[in-house]
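First the structure, in the form of structure tokens, and then the observations on it.
The values are calculated or read from the model by the stated rules, or taken from the named source; none is laboratory data. Everything numeric in this text was worked out from a predicted model, so none of it was measured. For neighbour counting, all protein chains shown are included, and Cβ atoms are generated from backbone atoms with ideal geometry for every residue, glycine included. Calculation scope for accessible area: heavy atoms of the full protein, side chains included, ligands and nucleic acids excluded. Shrake-Rupley method; radii C 1.70, N 1.55, O 1.52, S 1.80 Å.
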Amino acid sequence: MSDESISAIYTFEGKVDSKKILIGTSLLEDIPVHIPVNGIFNSHIGIFGNTGSGKSNSLAKIYSELFSSNGDNIFKKSTFVFIDFNGEYKPIHNQFESKSIYLELDTQKKDGNDKLKIKKSEFWDSELLSVLFSATEKTQKPFLNILARNRHKHGDELDDYFHNTLNIMFGQNQHRETISVLRSIISIINPEKTKEINAELSEFSWYSRGDNNKYYRNNSYFNTPEEYLAHLPHLVSSDIDISKLSAFDQIIVRATLQLIMSVSRNYVQYEHISPLINKMNSSTNSLEKVIEIIDDVALEPKPLLFISLKNCNQETKKTIPMLIAKCSFLEHKRKDTAQNSFHLIIDEAHNILSETSNRESETWKDYRLELFEEIIKEGRKFGYFVTIASQRPADISPTLISQIHNYFLHRLVNENDLFLLKNSISNLDNSSRALVPILPSGACVVSGTAFHTPMIIQVQRLPSELAPESDTIDLDTFW
Ligand SMILES: Nc1ncnc2c1ncn2[C@@H]1O[C@H](COP(=O)(O)OP(=O)(O)OP(=O)(O)O)[C@@H](O)[C@H]1O
Ligand SMILES: [Mg+2]
């Protein structure tokens, strides 16, 4: 066959003027191969292959070709968010600097960090809070619902809430745990008098005899909240100055007060909620370093956003992508989705989409996967598209894999992965599949709804100033 005939076969979309981008050459015939813009970028894309097989290069190539092909219109209508676990995509940012933002999140550095901006109104939302603090247990989510609702109803105010809580805490139905819970927030409520207040509180101890469960002090019993509070002058005279508290401090104070209140009223069991409070206390430290809560001003977002999670701890690496996925999906659905599209691009997606993880609890895993499964199942009709690249497709939840429309398959050798290809990727013929374990680096089998036949393509290597920073070191020159 002549090259022209083969090219004709490799041309997709019957239309002559349909937009397409050049990504490489066919491996066997060595003729240039274009992929159609319409069909690829309005679909979910999966890029799979072993480490070093060229996934990051292909991903970067596809998107930088797209951005340079027809830049302005693309950036006017669409938003692209890259989740960059290893900080590899800075070169693409540099190439399109005027259109893009590169956030380097860091959970180690003390100050001067890049931070992800979240609007106040979005932050005080029970869904978002439950993502941030992995509240999945049946009682924890309602607890956060009530927290968000209260804050909505009463605004920023905390002082009255604090004093009401004290009254109820020392009222009829006292609980042993409430004192120690209260102590945990003293340093936030009244940093100057922390020592005095702790001393006051330490004089109370739990006394239990039959029905007579009361705190008592110096062997004397008290009957009314007023009598108790009279012995806590420093605590009672504390005023919470909301302007001095960070949003994360506020949420801890709010949640703690609510816990005391609910336990004293027997609305919740202490044991069910205290893990949530512990989680809040332990994770706010790193979350505060990567998230900034801003007032509700209109942001001027840029169409390209790169979020590097290279210097984040494990926990943040899991939370931030979920936060972004959740917020952007909700926000995008609210827009006129016929006029806008959103593209979420996740390299090293096994970090967040894996089915097997020993580090986290079962319920949390379900929640995490459910979120992404919802996005991938329902995103298309809202113009929300996901691109995932991963080394182990077998680790990723099968629901996700089976919803992907177009695949770029680099070298894969693991039996499980190959078996998965056979099962979930229907538009892949046997001979292409047989090639997958022996592809050279940068070559991939391309298949999916946008193509009428699987193709084997050698993806063009990006010039070094644009390529993702992921080269294998060359020991010959290195040593
Ligand atoms: N199209 C290509 N042509 C030639 N060599 C390539 C090509 N793509 C990648 N390579 C080589 O493979 C190396 C690794 O590529 P890349 O970082 O894209 O792999 P990867 O699959 O993303 O690996 P990892 O899973 O570890 O992130 C590159 O440094 C380069 O030397
Ligand atoms: Mg890579």
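If you go through segment 140-162 and keep only what is open to solvent by 30 Å² or more (accessible area, probe 1.4 Å) and not in a helix (DSSP H, G or I), you end up with 156, 157. Residue 58: within 13 Å of ligand 1 (Cβ to nearest atom), modelled with pLDDT of 90 or more and out of contact with any Lys or Arg (no Cβ under 7 Å at 6 or more places or on another chain), yes or no? In short, yes. For the structure I just gave you, tell me whether residue 466 is within 16 Å of ligand 2 (Cβ to nearest atom), open to solvent by less than 10 Å² (accessible area, probe 1.4 Å) and assigned to a loop (DSSP other than H, G, I, E, B). For residue 466, the condition - within 16 Å of ligand 2 (Cβ to nearest atom), open to solvent by less than 10 Å² (accessible area, probe 1.4 Å) and assigned to a loop (DSSP other than H, G, I, E, B) - is not met. Residues that are within 16 Å of ligand 2 (Cβ to nearest atom) and hydroxyl-bearing (Ser, Thr, Tyr) within segment 423-463 comprise just one, 441.
Listed here are the residues, each with its yes/no results for (1) under 20 Å from residue 462 (Cβ atoms); (2) modelled with pLDDT of 90 or more; (3) among the basic types (Lys, Arg); (4) not assigned by TED's automatic domain parsing to the domain that holds residue 102.
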{"site": "24", "(1), (2), (3), (4)": "yes, yes, no, no"}
{"site": "34", "(1), (2), (3), (4)": "yes, no, no, no"}
{"site": "53", "(1), (2), (3), (4)": "yes, yes, no, no"}
{"site": "77", "(1), (2), (3), (4)": "no, no, yes, no"}
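Can you name every residue in segment 303-316 that is in a helix (DSSP H, G or I) and open to solvent by 70 Å² or more (accessible area, probe 1.4 Å)?
Hits for segment 303-316 are 314, 315.
Among the conditions (1) surrounded by 14 or more Cβ atoms within 10 Å (Cβ to Cβ); (2) away from ligand 1 (no atom under 16 Å from the Cβ); (3) more than 29 Å from the chain's Cα centre (by Cα), residue 458 misses just one, which is (2). Only one entry in 388, 473, 425 is crowded, with 20+ Cβ neighbours inside 10 Å and within 14 Å of ligand 1 (Cβ to nearest atom), namely 388.
Taking (1) at positive phi; (2) surrounded by 12 or more Cβ atoms within 10 Å (Cβ to Cβ) in turn, residue 219 satisfies each apart from (2). Scanning segment 16-60 for residues that are away from ligand 2 (no atom under 16 Å from the Cβ), in a strand (DSSP E or B) and not hydroxyl-bearing (Ser, Thr, Tyr) gives 20, 21, 22, 23, 24, 32, 33, 34, 35, 36. The set of residues in segment 65-85 that are within 16 Å of ligand 1 (Cβ to nearest atom) and either buried (at least 20 other Cβ atoms within 10 Å of the Cβ) or not in a helix (DSSP H, G or I) (or both) comprises 82, 83, 84, 85.
Of all the residues in segment 275-302, those that are open to solvent by less than 50 Å² (accessible area, probe 1.4 Å) and over 19 Å from the mean Cα position of the chain (by Cα) number 1.
Cβ separations smaller than 8 Å between residues 6+ apart or across chains give the following pairs from segment 127-139 residues that are assigned to a helix (DSSP H, G or I) to residues that are open to solvent by 10 Å² or more (accessible area, probe 1.4 Å) and modelled with pLDDT under 85: 128/122; 130/136.
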